[in-house]
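Below: one structure, written as structure tokens.
We did not get these values from a lab; they are worked out from the coordinates using the rules stated. Just so we're clear, the structure is a prediction, and the values are computed from it rather than from any experiment. FYI the Cβ positions are ideal-geometry reconstructions off the backbone, even for glycines, and counts take in every protein chain you see.
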Amino acid sequence: MRGRSVRGAGGMTSAPRRRIVEKLGFQIAVLLAAALLPLTLISMVNSARAVPEVIARSEAALAGETMLAAANEIRIIQEARGSAAALAALIGPFLGDEGACVATLRNFVAVHQVYSVVSFVPLDGQVRCSSTGTVFDASKSPIFPETARAARARISVAHKGVISGAYVLEVSHPVFSNTGTYLGYIDMSLPQAKPDVTLVAGRDAGPIELTTFDRDGAVLTSTGGIDNGGTVLPRDRSLKSLVSDHLVTFSGKTQSGQSRVFSVVPLVPGELFALSAWRSEPGSSLNATLISVPFLSPALVWIASLVVAWLSVEWLVNRHIRRLNLSINAFAGGNRMITDVDVSGAPLEIREMAAAFEQMTEAVMRDEAELENTLHQKEVLLREVHHRVKNNLQMITSIMNMHGRKARTPETKQVIKGLEGRVMSLATIHRELYETKGVGDVHAAELLGAIARQTVNVAAGPGRRFDLRLQLDNIRMTPDQAAPLALLVGEGLMNAVACARPVAQGMSPLDLRLIQSGADTVVLQLDGTTGEANNLMPEAMEESVSLSAQLMTVFAMQLGGKFEETMADGQYSLRIAFQLRPLAEGENRHAAHTEEPM
């Protein structure tokens, strides 16, 4: 749209700030959120169903890492079991020769240095064939009765070895004769040592705390040593309750009160088990993954969709609408300096709206220009009518003045002079109607001031001087109220100057006040002096004053008020209060008159 200026343009009025819930972007985002919510919930449900699988995979990974961490222990124990079985099968021929038996076991230990003592334990517990070559009583060991009675391969723990006196892991295997007679068992002692634990790549939980135990729940080995094994064992579960042929994974507290994720893996089914303890901090990746998988991803997608919807609406719609809205508000506020609204990148509907707004503004501005031109022409014609009526009334006043000078009696001259003043008041009203500001309203201060000065000038003469004091508020009235108010003031002033008597300074005071009281109440007050108290008017003036009172009563009725005129104690007073009529009445009446053919 081309820039242009029209008289009377005003500034743009700022529109009230809308609440965010009433904005288009917010409402579309809410609708989109409601539309996507079922899909988000379905996605969350599906993700929640996948949690068991995720947990199972995490447990399997944890079990695999436990197996990897205990690989060295498993290898040593499995080798010990194999070695014990091999020795049990080969030791038979050497049992009758203690020297050969001791030499065989000693050579075995020399080759396999992981064992502290290897011995053949007969059923009576009196060991004479061992790698140390010493004779000792194995029956003093607390594990002897059950091992000798079991007659099968076992892995046991001796908290105090018979020979070493230290904590040992004993791997045993039964020895039978050629006829199948149970003779005793091969006992291989493994000194307790810290397992070879390695860190797993990608874990932030730290090293594994590993403990091995047998089917009876007895601790075999521990990461921190057998004496400190209790610090990494679960608080609320016994090791025996964890014996199972299947993988067991759970979270809990250690006996020292630390949070851990535990995994139990059977190393030797039914015999040997490994318990791993992983550090489980509140922000660890394992816990965070298991908790956030079902809900975090769908929620993030849902939130991202809302953000994208909001930004899309802002970019495609709202920014163009805001530009167009600024121009519309400016035009509605009276600003006629309309510049081009750039909506070139907007959707088709918004471009069509901008084009329609441009056509509307052009049509409105064209109609306003035509209406203003017509109104100006009618205003000129109306002012010309008031001017001609004023001239005609002045001509009538001149004719009456000529007849007044030829009158022979004072009474006739007084009547003609009164009529002349009234006609001059009418002429003054019409003069002010075409000279005052505005067309549908009249500035009362200009009109009443002119009538007061004219009346005083006509009444002044030798020995008759007046001190006119005006206090007139700037009040705008409709012509229907301004005309009777001006005539009322003219009649009141003529009565005041007719009754006035000069005071000591040689000038009679006249006070005329027009005050607006409240929103729509106007008070007119005229005060003068009659000289001495209770001064009576000459009889020649009584008839003129009576006619003046009747006229003022009519004018007061037209104003919608009631006047009070008093002459007492040497004072003349005239007062009237009335309600202002809305200026719209005068504008409507003026518009109706100007539409009639002249």
Taking M353, M360, M552, M67 and counting other beta carbon atoms within 10 angstrom, the fewest-first order is M360, M67, M353, M552
Using R₀ = 45 Å, calculate the FRET efficiency as 1/(1 + (r/R₀)^6) where r is the Cβ-Cβ separation of R469 and E372; round to 0.05.
0.65
Once you have the Cα-Cα distance between L381 and A100, take 0.36 nm times their residue separation minus that, and quote the gain in nm to one decimal.
86.0 nm
Which ordering of K390, K406, K413 is given by a fewest-first count of other beta-carbon atoms within 10 Å?
K406, K413, K390
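Add +1 for every Lys or Arg and -1 for every Asp or Glu among the other residues with Cβ under 15 Å from the Cβ of L487, and state the total.
Numbers: positive: K390, R422, R431; negative: E420, E432, D480, E491, E565.
So the environment of L487 carries a net charge of -2.
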Long-range amide H partners of V117 with built H, under 5 Å
S189
For the pair R237 and E349, the simple spin-label estimate (label points 7 Å beyond Cα toward Cβ) gives in nm 6.1 nm
Honestly the stretch 73-191 on the Cα gyration tensor test (a ≥ b ≥ c root eigenvalues; a/c under 1.5 rounded, otherwise a/b vs b/c for prolate or oblate) is just rounded
Once both label points are put 7 Å beyond Cα along the C-beta direction, the A356-S297 separation in nm becomes 4.7 nm
Tell me the label-point distance for the pair V45, R323, using the 7 Å Cα-to-Cβ offset, in nm and rounded to one decimal.
4.6 nm
